[in-house]
Amino acid sequence: MIEFSDVTKVYDDGTTAVDDLSITAPTGKITVLVGPSGCGKTTTLRMVNRLIEPTRGKILLGGEDSGEIDRIQMRRRIGYVIQNAGLFPHQTVVDNICAVPYLNGVKRGEARRRAQELLTLVGLDETYAKRYPWQLSGGQQQRVGVARALAADPPYMLMDEPFSAVDPIVRKQLQQEFLRIQGDLAKTILMVTHDIDEALRLGDQIVVFSEGGVVAQSGSPAEILAR
Ligand code: ADP
Ligand code: ADP
């Protein structure tokens, strides 16, 4: 479970990006943050793994203050998937996927075996392992990004517009595969999108932001649609 308790972020220039946010992302579920550009979604997400420091308030991961968790632990616990996958360009697919396991001291052979399994899980066969990111399509890069995040087997995943860099058909396919993976793994996921259809399709719980980092409404997809 990820809990935000009265969290505010004011940037150095005085912009209030998130204003007194209190929400909970339940264990094993997908919570989607949705809203127009600039409403504070990415800021909210990045405060969880402390890529951005909150100005006020607390964020708890399974009851533990995320401000007290060190960087290495954070990477073990939280997978992070961004738009355009964010792969290391000078590393092969398999080395990208193994980056966090290597950091954690997992043996090379074991890490690579697991990487192959994850590639299969996201719908890529072994011929992709030795390629470089630039040799893949956008949709294939996104798949590798998801595999890389899963490689550390983190209980939590943060996903920022994970499927938006690809065309609508590939996006639907990626969303479906992602739901299938989540069905087995049941990670606690916090996801950002500006696409309400994506939010309704993927979210167990949806948090709708309005401008200024304020929550306009939240609930299950059925509850959001009923309003
Ligand atoms: P979203 O992800 O919903 O598009 P962001 O969280 O990126 O929104 O941004 C929320 C607000 O904070 C916007 O007004 C944005 O311009 C501002 N903002 C984001 N990053 C910074 C920063 N580093 N410094 C100042 N303002 C920022
Ligand atoms: P830098 O070394 O430039 O500060 P970071 O260490 O923040 O960069 O991030 C390096 C790469 O690791 C980026 O691609 C980023 O998306 C990814 N990353 C950052 N935080 C995490 C995390 N908690 N878990 C997994 N990957 C992360």
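Listed values, structure above:
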{"read-out": "Top-ranked residue of the stretch 140-159 - restricted to ones that are within 19 Å of LYS107 (Cβ to Cβ) and open to solvent by 10 Å² or more (accessible area, probe 1.4 Å), ranked as farthest from ligand 1 (Cβ to nearest atom)", "value": "ASP153"}
{"read-out": "Unique match (being within 16 Å of ligand 1 (Cβ to nearest atom) and basic (Lys, Arg)) among ARG75, ARG108, ARG50, ARG114", "value": "ARG50"}
{"read-out": "Residue identified as within 15 Å of ligand 2 (Cβ to nearest atom) and of a type in the set (Lys, Arg) among ARG56, ARG46, ARG112", "value": "ARG46"}
{"read-out": "Meets criteria (in contact with an Asp or Glu (Cβ under 8 Å, 6 or more places away or on another chain), at pLDDT 90 or above, more than 10 Å from ligand 2 (Cβ to nearest atom) and β-branched (Val, Ile, Thr)) for ILE97", "value": "no"}
{"read-out": "Yes/no for VAL7 being surrounded by 21 or more Cβ atoms within 10 Å (Cβ to Cβ), touching a Leu at 6+ places or on another chain (Cβ under 7 Å) and either at pLDDT below 95 or not in a helix (DSSP H, G or I) (or both)", "value": "yes"}
{"read-out": "Residue match in the stretch 72-88 (condition: more than 17 Å from the chain's Cα centre (by Cα), within 30 Å of ASP20 (Cα to Cα) and at pLDDT below 95)", "value": "yes"}
{"read-out": "Subset of the stretch 173-218 (residues that are open to solvent by 20 Å² or more (accessible area, probe 1.4 Å) and part of a strand (DSSP E or B))", "value": "GLN205, VAL208, SER210, VAL214, VAL215, ALA216, GLN217, SER218"}
{"read-out": "Flag for VAL106 being modelled with pLDDT under 95 and either in contact with a Cys (Cβ under 9 Å, 6 or more places away or on another chain) or of a type in the set (S, T, N, Q) (or both)", "value": "yes"}
{"read-out": "Pair list, Cβ < 9 Å and 6+ apart or interchain, from the stretch 13-26 residues that are within 11 Å of ligand 1 (Cβ to nearest atom) to residues that are open to solvent by 50 Å² or more (accessible area, probe 1.4 Å) and not basic (Lys, Arg)", "value": "THR16/THR55; ALA17/TYR11; ALA17/GLY38; ALA17/THR42; VAL18/THR55; VAL18/VAL214; ASP19/VAL214"}
{"read-out": "Filter result (more than 20 Å from GLU64 (Cβ to Cβ), open to solvent by less than 20 Å² (accessible area, probe 1.4 Å) and either within 16 Å of ligand 2 (Cβ to nearest atom) or out of contact with any Ser or Thr (no Cβ under 7 Å at 6 or more places or on another chain) (or both)) within the stretch 10-31", "value": "ILE30"}
{"read-out": "Evaluation of ARG108 against (1) farther than 27 Å from LYS29 by Cβ; (2) in contact with a Lys or Arg (Cβ under 9 Å, 6 or more places away or on another chain); (3) loosely packed, with under 15 Cβ neighbours inside 10 Å (one fails), failing number", "value": "(2)"}
{"read-out": "Hits in the stretch 146-159 (condition: in a helix (DSSP H, G or I) and within 9 Å of ligand 2 (Cβ to nearest atom))", "value": "ARG148, ALA149"}
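The values are calculated or read from the model by the stated rules, or taken from the named source; none is laboratory data. Keep in mind the model is a prediction, meaning the values are calculated, not measured. All Cβ positions, even for glycine, are placed from backbone atoms using ideal geometry, and neighbour counts span all protein chains on display. Please note that ligands, DNA and RNA were not included when accessible areas were found on the heavy atoms of the full protein model with its side chains. Shrake-Rupley method; radii C 1.70, N 1.55, O 1.52, S 1.80 Å.
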